[in-house]
Amino acid sequence: MTIQSLAPVSLTELTGTFNEAFADYYVKLQLTEPAMALKLRSENIDLTYSVGAFDGGKLRGFILHGIDVLAGVKTVYNAGTGVVSAYRGHRLTEQLYQAVLPVLKRQGMVDHQLEVIEQNKPARRVYEKVGFERVRTFSCFKGIVKVPADAALSVGETAVGDFETYARFWNFQPSWQNDTPAIRRATDAHKVVELKKDAELIAYAAFMPATGRVKQYGVNPKHRGKGYGRQLFGYLCSISPNNEVNLINIDEQDGASIAFFRAMGFQRFLGLWEMKFKNA
C-alpha cells in the first residue's frame, strides 16, 4: 500500500473509486464523470493536495481537499473521504491524514473543516482521533410545496446575482459547498431566482435545477412572516425535477428556518456535524 497525491489520477479512475467507496453509503451517492468534474470545480478541489491510498497501482481510498482563503486564512475543506469496502478496518483514513497534514502545514494551510453524517459513528471517531471537533450541527430537508401564485409578486431568474445583498438575508453562514464562492465557480450549473414586489427584492434562492438542490435562500428580514418564503419555495418546486426540492446543511441553531421547513411539511432526511481542526 502506498500513499501519494491524487494529482496524476484520471477523472475516470477517481469517479470509479468514489462510486465504489460510496456504493453502500447512508444516502445514494453515485456520480457521473461530468458530475465529478463539477464537484471538483465548484468545491475548488485541488488534487495536488488531495491524497490517496494505492494497492497495486489502483486507488483504494482517498481524501479530496478543497482549498480557499477564508477571512485571509488558507483553509482546507474535506470534500469527501472514501475507502472501498474491502480495504476498510485498516485505519486508512488515519494514515491518509498522517501523510497529508504535514504537506498542507508546510503550505500554510492549517485550518481544516469537514462534514460527517451524525449517525456515522466510525467516521466521527476517526475524525475526532485526528483532531477534529464538532462546531455546528446541520439538518437536511426535502419536500414539495404547492401554493397559488400571488399576482402582486414577480418571480424570475437573474443571470448575475447580487450576493452582497443576498448575504443580508441570511440567518447563518452557508457551509463550504453552499457558500457564494462555490456557486460562482459553477454558475453554469446554478440558477438564481429572485422574488420581488413593486421592484423591491423580497427573497431569493440559488439552486441547481438538475437536482432541485437549494444552495442558498433568504427573505428580507423586514418582510418575513408574510408568506413570501412559501411563495419562493412553491416556485422552486414548480421548476424542479419531480416538483421536489432538497436542502443540505441548514444550521440547527437557525430555529426560524427549521420551523419554516417543518411547517411546509418538509422531511428531515439527514443530519450532519460540521467539524473543524486547527493544526497549529
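Residue by residue through segment 2-41, note down the ones that are basic (Lys, Arg) and surrounded by 17 or more Cβ atoms within 10 Å (Cβ to Cβ).
Lys39, the sole residue that qualifies.
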Practice problem: Give the residues of segment 209-238 that are of a type in the set (Gly, Ala, Ser) and not in a helix (DSSP H, G or I), sorted by residue number. | Solution: Ala210, Gly212, Gly218, Gly225, Gly227
Quiz item: Counting only residues that are farther than 28 Å from Val103 by Cα and either outside the structural domain of Gly61 (by TED's automatic domain parsing) or of a type in the set (S, T, N, Q) (or both), how many does segment 1-33 have?
Solution: 2
Practice problem: Looking only at segment 219-226, decide whether some residue is at pLDDT 95 or above, out of contact with any Leu (no Cβ under 9 Å at 6 or more places or on another chain) and either of a type outside the set (D, E, K, R) or surrounded by 18 or more Cβ atoms within 10 Å (Cβ to Cβ) (or both). | Solution: yes
Quiz item: Any idea which of (1) over 24 Å from Glu20 (Cα atoms); (2) at pLDDT below 95 is the one Val135 doesn't satisfy?
Solution: (2)
Practice problem: Could you check Gly271 against (1) surrounded by fewer than 15 Cβ atoms within 10 Å (Cβ to Cβ); (2) in contact with an Asp or Glu (Cβ under 9 Å, 6 or more places away or on another chain); (3) not in a strand (DSSP E or B) and say which number it fails? | Solution: (3)
Quiz item: Is it the case that segment 228-239 has a residue that's buried (at least 19 other Cβ atoms within 10 Å of the Cβ) and of a type in the set (Lys, Arg)?
Solution: no
Exercise. Give me a count of the residues in segment 171-210 that are exposed (fewer than 14 other Cβ atoms within 10 Å of the Cβ) and under 27 Å from Phe269 (Cβ atoms).
Key: 2
Exercise. State whether the residues of segment 190-208 include one that is among the aromatic types (Phe, Trp, Tyr), part of a helix (DSSP H, G or I) and modelled with pLDDT of 95 or more.
Key: no
Exercise. Tell me which residues, restricted to segment 111-143, are surrounded by 17 or more Cβ atoms within 10 Å (Cβ to Cβ) and either of a type in the set (S, T, N, Q) or in contact with an Asp or Glu (Cβ under 7 Å, 6 or more places away or on another chain) (or both).
Key: Gln113, Glu115, Val126, Val130, Arg136, Phe138, Ser139, Lys142, Gly143
Exercise. Within segment 175-185, identify whether any single residue is touching a residue at least 12 places away in the same chain (Cβ under 8 Å), in a strand (DSSP E or B) and within 18 Å of the chain's Cα centre (by Cα), and answer yes or no.
Key: no
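The values are calculated or read from the model by the stated rules, or taken from the named source; none is laboratory data. Predicted model only: the values in this text are computed from it and were never measured. All Cβ positions, even for glycine, are placed from backbone atoms using ideal geometry, and neighbour counts span all protein chains on display.
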